[in-house]
1. Counting only residues that are at pLDDT 85 or above, of a type outside the set (Asp, Glu) and exposed (fewer than 10 other Cβ atoms within 10 Å of the Cβ), which one in the stretch 77-107 is nearest to Val22 (Cα to Cα)?
2. Kindly list, by first and then second residue, each pair from a residue in the stretch 42-62 that is under 19 Å from Leu20 (Cβ atoms) to a residue that is among the β-branched types (Val, Ile, Thr) and part of a helix (DSSP H, G or I), limited to pairs with Cβ atoms under 6 Å and residues at least 6 apart or on different chains.
3. Between a residue in the stretch 23-34 that is assigned by TED's automatic domain parsing to the domain that holds Ile51 and any residue that is crowded, with 16+ Cβ neighbours inside 10 Å and among the polar types (S, T, N, Q), which pairs come within a Cβ distance under 6 Å, given they are 6 or more apart or on different chains?
4. Quick check on Lys60: is it basic (Lys, Arg), closer than 30 Å to Arg91 by Cβ and either assigned by TED's automatic domain parsing to the domain that holds Val22 or modelled with pLDDT under 95 (or both)?
Amino acid sequence: MKMNSKWIVKAVLGVLCLILVVGLVVMWLWNNLLPDLFGFPYITYWQALGILILSKIFFKSGNGFISKSWMKERMKEKCDQMSPEEKEKFREQWKTRCDKWKGGYDD
């Protein structure tokens, strides 16, 4: 039992050290890049941690607020209900949208 408590203490300390280091890295990168490039203000360590927390909430490891698997499942259900003609029309619409971003159209 004693071995488990030592491991837990080490894990907690490791996580705290990681948070400290990552916060310092974010603060350093922000303060050395963004004020000169975009005129943003300098930030403190706590603001850097706040930015990290916000980014985790918004972009949480690729999931964000809406899970990709949920979106993928919903899209699959919609596609399964489409006729072959509707699927082809859908593909063409997406191709048109993607071509706009590739510079395929001049508006």
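1. For the stretch 77-107, the residue satisfying everything is Gln81.
2. Listed by first residue and then by second, the contacts come to Ala48/Val26; Leu52/Val26.
3. That search, which allows pairs on different chains as well, returns nothing.
4. Details: basic (Lys, Arg): yes; closer than 30 Å to Arg91 by Cβ: no; either assigned by TED's automatic domain parsing to the domain that holds Val22 or modelled with pLDDT under 95 (or both): yes.
It is false that Lys60 is basic (Lys, Arg), closer than 30 Å to Arg91 by Cβ and either assigned by TED's automatic domain parsing to the domain that holds Val22 or modelled with pLDDT under 95 (or both).
The values are calculated or read from the model by the stated rules, or taken from the named source; none is laboratory data. These figures come from a predicted structure and were not determined experimentally. Cβ: placed from backbone, ideal geometry, glycine included. Neighbour counts: every protein chain shown.
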